[in-house]
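One structure below.
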Amino acid sequence: MELFHNKNTSKHFLKENIDERKTLHQNLDFTAAEQYKLIRANLDFTLPENEKCPVIGVTSAMRGEGKSTTAINLSYAFAEKGSRVLLIDGDLRIPSIAKKMQIESSPGLADLLRGKGAQLSEFQSYIFKNWYILPSGDVPPNPSELLGSNRMKNVLSALREMLDYIIIDLPPVNIVSDAISISSLISGMIVVIREEYTEKKELERCFRQLKLSNVNVLGCVLNEAKSGGGAYGKYKKYKYYRSAPKGQKS
């Protein structure tokens, strides 16, 4: 299958209007950036050994927990060390990657799944040449079916031949079934939890759904963590757990 073909199109990234918000990629403060590097290192130990180009899903139980920001920063952390990384906006219902990165939202994933070709270089980041960002494209009427389709399987298979890591931002598990539908096509899932925001019952429901669907949970990222030891600890905004934390506060 020839998924990516040459096209004489202008690069769709808008180099102006670089996002200055401090929670994203190169604008992160030192401590937050180090936490993402730690997550990156932990994932290298958690991911299946000798797997070519792991595909990592990033989801949450509810909306507003920071999964999209986590997906962006994690993919940036992998690209920063020199890996060829593709970030995919797989939230085809309420996409946010294009807006956060201030790039055009189309062409994107939905267009590829409809059979439209594209060249990987079209999605090259202006920050790193080895960091690619695939937005959602036009919102389709059947996101769940598209994400779990043979076409998605073929798209990921073609991409894995050209990359070292693929990270997919997915909708919350408790809202729609999209993250579950793609679970058989990914290496594992990261669940983002926001401290003092995520409800315990919602988190338990999320993990119950993932377990029933045999999803390989790689770990959890605790976003906006306020706990920690000493003066250093209070600045930690991101923590990583290899499995679901017990006794999560609501």
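Every number here is computed from the coordinates shown, using simple stated rules; none is lab data. None of these values were measured; they are calculated from a predicted model. Ideal geometry is used to build each Cβ from the backbone, glycine not excepted, and the neighbour counts take in all protein chains shown.
Taking the Kirkwood radius as the inverse of the mean 1/r across Cα pairs, report the Rg/Rh of segment 42-108. Could the numbers behind the result be given before it?
Details: Rg = 13.0 Å, Rh = 13.4 Å.
Expressed as Rg/Rh, it is 0.97.
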Two pseudo-spin positions, 7 Å from Cα along C-beta at residue 52 and at residue 162, lie apart in nanometres by 1.5 nm
So residue 212 and residue 42, fully extended at 0.36 nm per residue minus their Cα-Cα distance, gain in nm 58.7 nm
Sequence gap at least 6, Cα distance under 8 Å: using those rules, report the relative contact order of segment 50-241 to the nearest whole percent. 30 percent
Quick one: net charge around residue 143, please, counting Lys, Arg +1 and Asp, Glu -1 for every other residue with C-beta under 9 Å from its C-beta. -2
Starting from 0.36 nm per residue, how many nanometres of slack lie between residue 145 and residue 120 once their C-alpha separation is accounted for? 6.6 nm
Segment 50-241 - Rg (one decimal) and Dmax (whole number), Cα, Å: 16.2, 54
What residues qualify as long-range amide H neighbours of residue 186, i.e. H under 5 Å apart, gap of 5 or more or another chain, H built at 1.01 Å from N? none
Expected output is a single nm value to one decimal: the length gained when fully extending between residue 93 and residue 224, i.e. 0.36 nm times separation in residues minus the C-alpha distance. What is it? 44.6 nm
Computed E for residue 31/residue 195 - FRET, C-beta separation, R0 22 angstrom, nearest 0.05: 0.90
